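Each remark here refers to the structure printed beneath this line.
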Amino acid sequence: MIGNFLDQFWSLTFGGLSLGFIYILIALGYTMVYGVLRMINFANSEVFMVATFATIIIIRDVFNFTQTSEYATGFRLWLILGTALVASMVVAGVLSVLIELVAYRRLRRMNSGILAPLISAIGVSMVLAEAVRIMTDSRPVASPRAMEKSFLGKFFDADVRLDNTIIIVAAIILLVILLAFVNKTRLGKAIRAVSMNPSAAKLMGINIDGVVSITFLVGGLMTGAAGFFYVLKYENSSFSIGFELGIAAFTAAILGGIGNIKGAFYGGLALGLLETYASFFLGTQWKAVTVFVILVLVLYTRPNGLFGEAMTQSRA
Amino acid sequence: MINLRDKGADIWERSNRIERTFIALGFIALAASLPFFGGTFLNTPIADYESVLVYPVAMFVLMAIGLNIVIGKSGLLDLGYVAFFAIGAYTMGLLGTRTGLNTWEILPIGIAMAMFSGVILGVPALKLRGDYLAIITLGFGEIVRIVALNLETLGRSGGILNIPTPPPVFGIEYSFDSHRIYYWTLLIIILLAIWMVRRLAVRRAGRAWESIRQDEDAAELLGVPTFKYKVWAFVLGASVGGAAGVFYASKTLFIAPDNFTLQISILILACVVFGGMGNIWGVILGAVILGYLPDRIRFLSDARLLVFGLVLVIMMNLRPDGLLPRKKREKPLPKEAK
């Protein structure tokens with residue numbers, strides 16, 4: 001068992017890393033909103049699900065790929081991938097902003113606590129998941145393969161696959177842009193101000209509603225990118241995918257410490273790797289259990305997650 | 001907006017003991033007579049009306065009352081309540097098929113098992129705050145389901161078959177198709193649960209929960225052993241869920257991991273919030289509506305959950321405190337106004 005594990009260590013690690021980056025991007029959808037509103041953005045999982053379908057539609061219907069088409073190469077390939085990525089990000093971003101308008105805005109103005117928005121967000125995710133379920137006849141939808149998943153070379157003994165490499169590189173670029181946006185721009189500063197102290201931010205003339213919309217937009221863009229990467233890696237989607245990945249990504253956000261970007265990063269990576277290693281040792285059916293047990297242990301020793309901001313702690 | 005909650009409370013407060021008894025008996029009689037309305041507009045188009053009354057309606061009411069102790073009374077967000085329901089059901093399934101024990105003998109064992117797992121989960125989880133508790137409980141709910149799905153003893157995805165029905169009580173037989181007998185039995189269990197919650201609410205525990213919900217730090221400073229009472233709330237909530245589980249298994253005679261998904265936890269949570277967190281009558285109303293609605297609108301067939309989601313969004317936006325919200329303490333006394 002251990003020998004096998006060492007043999008496959010690098011290929012497992014690569015798979016785990018690319019999964020981890022998908023988790024990071026979805027986790028950002030949770031964590032950015034949580035940072036600003038202190039609310040779980042329950043509908044984020046369905047934003048992800050819708051984004052996977054946006055990618056499939058671009059590849060299948062806009063560029064007319066079928067299961068038997070020849071792989072695209074060169075410029076055409078990058079055009080297809082680029083269009084799909086941008087389209088799913090835009091769809092997810094817009095959807096996320098709309099969700100905020102429908103499910104959160106009114107309740108936020110009424111100061112209704114955290115549970116009422118949670119339920120209305122659950123309502124929105126039911127509507128989205130059900131609408132897609134009806135449109136897809138409750139069946140999973142396969143995405144045609146647009147590119148050859150060629151091997152770029154070997155890293156130790158592991159095959160470095162093109163799709164995994166694209167995911168890791170593109171995700172890192174997106175994260176760098178996001179960090180620059182949050183840390184360097186005026187809007188990013190406004191987001192940080194609102195997350196630190198909403199009332200003080202308001203007194204300084206920051207338009208809170210605008211900042212919240214921007215936060216949902218940015219979270220949605222990241223989640224949308226995750227949808228594209230997911231389809232690139234697994235080449236299918238279904239109406240229930242949001243639920244499965246959403247819980248994992250939310251766990252990742254908490255594992256790292258919800259509310260900050262660094263936390264989502266380390267949490268996502270840790271979860272992607274842990275899940276992959278745990279499935280290897282214990283079989284895929286136990287991976288969720290392992291992840292949750294680890295989450296409990298981490299939170300038990302570090303109640304705010306690995307990199308969480310210190311919140312008021314209960315003494316107990 | 002009309003405040004039904006205050007109107008109801010007003011009538012109740014102005015009645016004397018005898019009137020109150022009549023009001024209570026009237027409601028119980030109304031609830032007990034529900035199975036006889038099968039032919040009216042209440043009828044559910046596809047599912048059998050009386051069976052809908054047992055599950056989901058009455059079962060949801062019972063579980064919502066239990067979850068309300070955790071969320072509504074003490075403000076702890078539990079997203080894995082289905083775990084206790086599952087533990088009760090599997091206790092019934094295992095003991096009912098492997099040993100000679102009957103439902104009424106297993107009921108306390110199932111409740112004890114649910115309470116025990118409530119302690120196991122609650123002691124580490126309740127040291128965390130708010131949203132982290134939500135994810136831990138959510139994870140626990142999934143773990144219970146996954147364990148049931150993968151353990152040979154628990155029948156894997158096939159579940160447990162041929163769970164015995166409850167033995168006759170006072171000569172009344174429980175048979176698979178006599179739904180109303182189950183419904184009335186559940187009604188008695190629900191009344192017991194309501195009685196327990198109402199008694200606790202006016203005692204030390206109820207006051208401790210109320211103070212924890214409003215401001216945990218202040219409660220702690222005033223000497224309320226908050227951790228102890230949080231665990232108590234959690235364990236009591238679990239016991240109600242366990243009781244519902246035992247009875248559920250004994251009613252459906254067949255349980256499988258698919259019956260205990262996260263969706264149930266979320267639905268029960270929706271019942272509590274939709275009806276009016278913290279107010280037991282609101283919670284019951286919420287559970288009745290949300291349990292009943294999906295089956296009543298089955299004529300929408302495929303779109304019914306979509307409509308259900310829309311109803312949740314619209315209702316929460318219109319009445320964020322739920323249909324029958326809890327009484328607001330700060331509100332001026334209505335009697336002076338008149």
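The values are calculated or read from the model by the stated rules, or taken from the named source; none is laboratory data. Just so it is clear, the model here is predicted, and its values are computed rather than measured. Don't worry about glycine lacking a Cβ; one is built from the backbone with ideal geometry, like all the others, and counts go over all protein chains shown.
Here are the numbers for this structure:
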item	result
Residue ID - modelled with the lowest pLDDT, chosen from residues in region A:160-184 that are surrounded by fewer than 14 Cβ atoms within 10 Å (Cβ to Cβ) and in contact with a helix residue (DSSP H, G or I) (Cβ under 9 Å, 6 or more places away or on another chain)	A:N183
Some residue of region B:88-109 being among the aliphatic types (A, V, I, L, M) and within 14 Å of another protein chain (Cβ to nearest Cβ)	no
Criterion: in contact (Cβ under 8 Å) with a residue 40 or more places away in the chain, buried (at least 17 other Cβ atoms within 10 Å of the Cβ) and outside any helix (DSSP H, G or I) - qualifying residue of A:F280, A:F239, A:F265, A:F250	A:F239
So B:T261, is it among the hydroxyl-bearing types (S, T, Y), within 14 Å of chain A (Cβ to nearest Cβ) and surrounded by 22 or more Cβ atoms within 10 Å (Cβ to Cβ)	no
Test: residue in region B:167-180 that is on the phi < 0 side of the Ramachandran plot, within 14 Å of chain A (Cβ to nearest Cβ) and more than 19 Å from the chain's Cα centre (by Cα)	no
Test: residue in region A:155-164 that is free of Cβ contacts under 8 Å to residues at least 12 places away in the same chain and farther than 19 Å from A:L81 by Cβ	no
Those residues of region B:209-228 which are touching a helix residue (DSSP H, G or I) at 6+ places or on another chain (Cβ under 6 Å) and surrounded by fewer than 22 Cβ atoms within 10 Å (Cβ to Cβ), in sequence order	B:S211, B:A219, B:E220, B:V224
Residue in region B:212-220 that is without any contact (Cβ under 8 Å) to a residue 40 or more places away in the chain, among the small types (G, A, S) and either under 30 Å from A:A131 (Cα atoms) or more than 10 Å from chain A (Cβ to nearest Cβ) (or both) present	yes
Among (1) closer than 22 Å to B:I71 by Cα; (2) touching a Ser or Thr at 6+ places or on another chain (Cβ under 8 Å); (3) modelled with pLDDT under 90 - the single one B:N279 does not satisfy	(2)
Residue tally, condition more than 7 Å from every other protein chain (Cβ to nearest Cβ) and more than 16 Å from B:M277 (Cβ to Cβ), over region A:106-120	2
Qualifying residue in region A:251-261 (condition: touching a Ser or Thr at 6+ places or on another chain (Cβ under 9 Å) and of a type in the set (S, T, Y))	no
The one condition in (1) among the β-branched types (V, I, T); (2) without any contact (Cβ under 8 Å) to a residue 60 or more places away in the chain; (3) more than 10 Å from chain A (Cβ to nearest Cβ) that B:I255 fails to fulfil	(2)
The lone exception for B:K127 - which of (1) part of a helix (DSSP H, G or I); (2) surrounded by 16 or more Cβ atoms within 10 Å (Cβ to Cβ); (3) within 14 Å of chain A (Cβ to nearest Cβ) it fails	(1)
Unique residue being buried (at least 24 other Cβ atoms within 10 Å of the Cβ) and either within 14 Å of another protein chain (Cβ to nearest Cβ) or touching a strand residue (DSSP E or B) at 6+ places or on another chain (Cβ under 6 Å) (or both) when the list is A:A92, A:A103	A:A103
Test: B:I106 is β-branched (V, I, T) and within 13 Å of the chain's Cα centre (by Cα)	no
Lone qualifier among B:Y174, B:Y183, B:Y229 - being in contact with a Leu (Cβ under 7 Å, 6 or more places away or on another chain) and either outside any helix (DSSP H, G or I) or of a type outside the set (A, V, I, L, M, F, W, C) (or both)	B:Y183
Sole exception among (1) assigned to a helix (DSSP H, G or I); (2) under 30 Å from A:V127 (Cβ atoms); (3) touching a Phe, Trp or Tyr at 6+ places or on another chain (Cβ under 8 Å) for A:I258, by number	(1)
Yes/no for B:G206 being in contact with a Lys or Arg (Cβ under 8 Å, 6 or more places away or on another chain) and assigned to a helix (DSSP H, G or I)	yes
Qualifying positions in region B:248-273 - under 13 Å from the mean Cα position of the chain (by Cα) and not hydroxyl-bearing (S, T, Y)	B:I264, B:I266, B:L267, B:I268, B:L269, B:A270, B:C271, B:V272, B:V273
Positions within region B:89-124 being of a type in the set (S, T, N, Q) and in a helix (DSSP H, G or I), in sequence order	B:T91, B:T97, B:T103, B:S117
Breaking point among (1) among the β-branched types (V, I, T); (2) over 30 Å from A:G3 (Cα atoms); (3) facing another protein chain (nearest Cβ under 10 Å), for A:V289	(2)
Filter result for the condition that a residue is buried (at least 24 other Cβ atoms within 10 Å of the Cβ) and in a helix (DSSP H, G or I), over B:I268, B:I289, B:I297	B:I268
B:P225 being over 24 Å from the mean Cα position of the chain (by Cα) and either under 19 Å from B:A64 (Cβ atoms) or within 14 Å of another protein chain (Cβ to nearest Cβ) (or both)	yes
Region B:229-254, residues that are surrounded by fewer than 24 Cβ atoms within 10 Å (Cβ to Cβ) and among the β-branched types (V, I, T)	B:V231, B:V235, B:T252
First in region A:195-212 and under 17 Å from A:R38 (Cβ atoms), second anywhere and acidic (D, E), Cβ under 8 Å, 6 or more apart	A:V212/A:E100
Tally, over region A:46-86, of residues that are in a helix (DSSP H, G or I) and without any contact (Cβ under 8 Å) to a residue 40 or more places away in the chain	12
Selection status of B:I163, in contact with a strand residue (DSSP E or B) (Cβ under 9 Å, 6 or more places away or on another chain), away from chain A (no Cβ under 14 Å) and assigned to a loop (DSSP other than H, G, I, E, B)	yes
Index of the failed condition, B:A86 passing every other in (1) in a helix (DSSP H, G or I); (2) hydrophobic (A, V, I, L, M, F, W, C); (3) more than 16 Å from the chain's Cα centre (by Cα)	(3)
Count of region A:124-182 residues which are within 23 Å of the chain's Cα centre (by Cα), among the acidic types (D, E) and within 14 Å of chain B (Cβ to nearest Cβ)	1
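One line per residue, one yes/no per condition, for (1) touching a residue at least 24 places away in the same chain (Cβ under 8 Å); (2) of a type in the set (V, I, T):
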position: B:F27; (1), (2): no, no
position: B:T44; (1), (2): yes, yes
position: B:Y49; (1), (2): no, no
position: B:A58; (1), (2): yes, no
position: B:G80; (1), (2): yes, no
